[in-house]
1. Out of all the residues in segment 179-199, which are farther than 17 Å from residue 59 by Cβ and buried (at least 18 other Cβ atoms within 10 Å of the Cβ)?
2. Restricting attention to segment 208-216, does a residue exist that is buried (at least 21 other Cβ atoms within 10 Å of the Cβ), touching a helix residue (DSSP H, G or I) at 6+ places or on another chain (Cβ under 7 Å) and within 28 Å of residue 96 (Cβ to Cβ)?
3. For residue 1, indicate whether it is at pLDDT below 80 and outside any helix (DSSP H, G or I).
4. Quick check on segment 159-167. Is at least one of its residues closer than 30 Å to residue 74 by Cβ, in a loop (DSSP other than H, G, I, E, B) and at pLDDT 85 or above?
5. Within segment 188-204, does at least one residue satisfy the condition of being touching a helix residue (DSSP H, G or I) at 6+ places or on another chain (Cβ under 6 Å), modelled with pLDDT of 80 or more and part of a loop (DSSP other than H, G, I, E, B)?
6. Which residue out of 242, 221, 253, 238 is of a type in the set (Val, Ile, Thr), at pLDDT below 85 and in contact with a Phe, Trp or Tyr (Cβ under 6 Å, 6 or more places away or on another chain)?
7. Those residues that are assigned to a helix (DSSP H, G or I) and in contact (Cβ under 8 Å) with a residue 12 or more places away in the chain, I need them from segment 168-187; list them, please.
8. Do you know which residues across segment 55-81 are among the charged types (D, E, K, R) and either at pLDDT 80 or above or within 18 Å of residue 167 (Cα to Cα) (or both)?
Amino acid sequence: MTELRLILRVARNDFSYFFRTKWLMAILLSLNLSDMLVVALVYGKLMEFNYFQFFVPAVVIMGLFVAALDTGRRIWLAIREGMLQYYLALPISNEGIVVAYLLAGGAAALVYSGSLLLIALVVLPAQAVWNTFILLPFFFVLAMGLAGIAAALASLASTHGEYYFAYQQIMQVALLALSTVFYPIDEVQKRFPFLVGIVSANPLSQAADAMRLYTFRGNPVEPWALITLLLSSIPLAVLGLVAYLSAIYAIRVKGKL
């Protein structure tokens, strides 16, 4: 069996774990849908602009973000419960294991956020569907990058008991707060001008803004925006790859972290 086939099998196995807690997925989807159909519509009555078109992309990106971060939980459990040691006994390289987890994390996040996006597309023009298909591969790379961050957190917390969930919450709050997911960049410019560069460089900001411009407004997709999203997502995946590889090497040498 070639290593590529093993990588795909490990990725498929991890991908299946994401959907085994069906009740949790149902609750999360219902919460996201309530945000889309209740919060966005109600708040839209209070805003001077179309808040529905602004906030629904944010819900989709938040779904992508949360689903990608779940990769870290699965990696953390794999380290604690010995599943990673089993993978290490297979004829697959350390890099192959890491790539498999990142692929599974990206796929799970894309499927979860895609289910939210399908509902939103019901009220959007036909042009939005085509633009969405163009954006999806870049969202997949972003999801892999976020999964890489989750892998880095899981590797860091693997020797500190339950700390992973605290690390995850800190990272989640930081990335969401320093983004344009909840508020436009103009508001950041008015109140916190020194944070504009950080907020603009945040891949969550770039993904949410791309969806607002190209999916919900139907503007022609600009290649430079896609390249920028790609360039901001790849370093996250590289960071996670390096951190998880260091954890795997430690397990190979010591038998545990």
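The values are calculated or read from the model by the stated rules, or taken from the named source; none is laboratory data. Here the structure is a predicted model, which means the values were calculated and not measured. Don't worry about glycine lacking a Cβ; one is built from the backbone with ideal geometry, like all the others, and counts go over all protein chains shown.
1. Of segment 179-199, the ones farther than 17 Å from residue 59 by Cβ are 185-199.
Passing the criteria: 188, 199.
2. no
3. Details: at pLDDT below 80: yes; outside any helix (DSSP H, G or I): yes.
Yes: the conditions hold for residue 1.
4. Going through segment 159-167, the residues closer than 30 Å to residue 74 by Cβ turn out to be 159-167.
Imposing the further condition that a residue be in a loop (DSSP other than H, G, I, E, B) reduces the set to 159-162.
In the following step, the residues that additionally are at pLDDT 85 or above were identified as none.
No: segment 159-167 contains no residue that is closer than 30 Å to residue 74 by Cβ, in a loop (DSSP other than H, G, I, E, B) and at pLDDT 85 or above.
5. no
6. Details: 242 fails: in contact with a Phe, Trp or Tyr (Cβ under 6 Å, 6 or more places away or on another chain); 253 fails: in contact with a Phe, Trp or Tyr (Cβ under 6 Å, 6 or more places away or on another chain); 238 fails: in contact with a Phe, Trp or Tyr (Cβ under 6 Å, 6 or more places away or on another chain).
Only one candidate qualifies: 221.
7. Passing the criteria: 168, 171, 172, 175, 176, 185.
8. To start, the set of residues in segment 55-81 that are among the charged types (D, E, K, R) comprises 70, 73-74, 80-81.
If the condition is that a residue be among the charged types (D, E, K, R) and either at pLDDT 80 or above or within 18 Å of residue 167 (Cα to Cα) (or both), then 70, 73, 74, 80 are the ones that fit.
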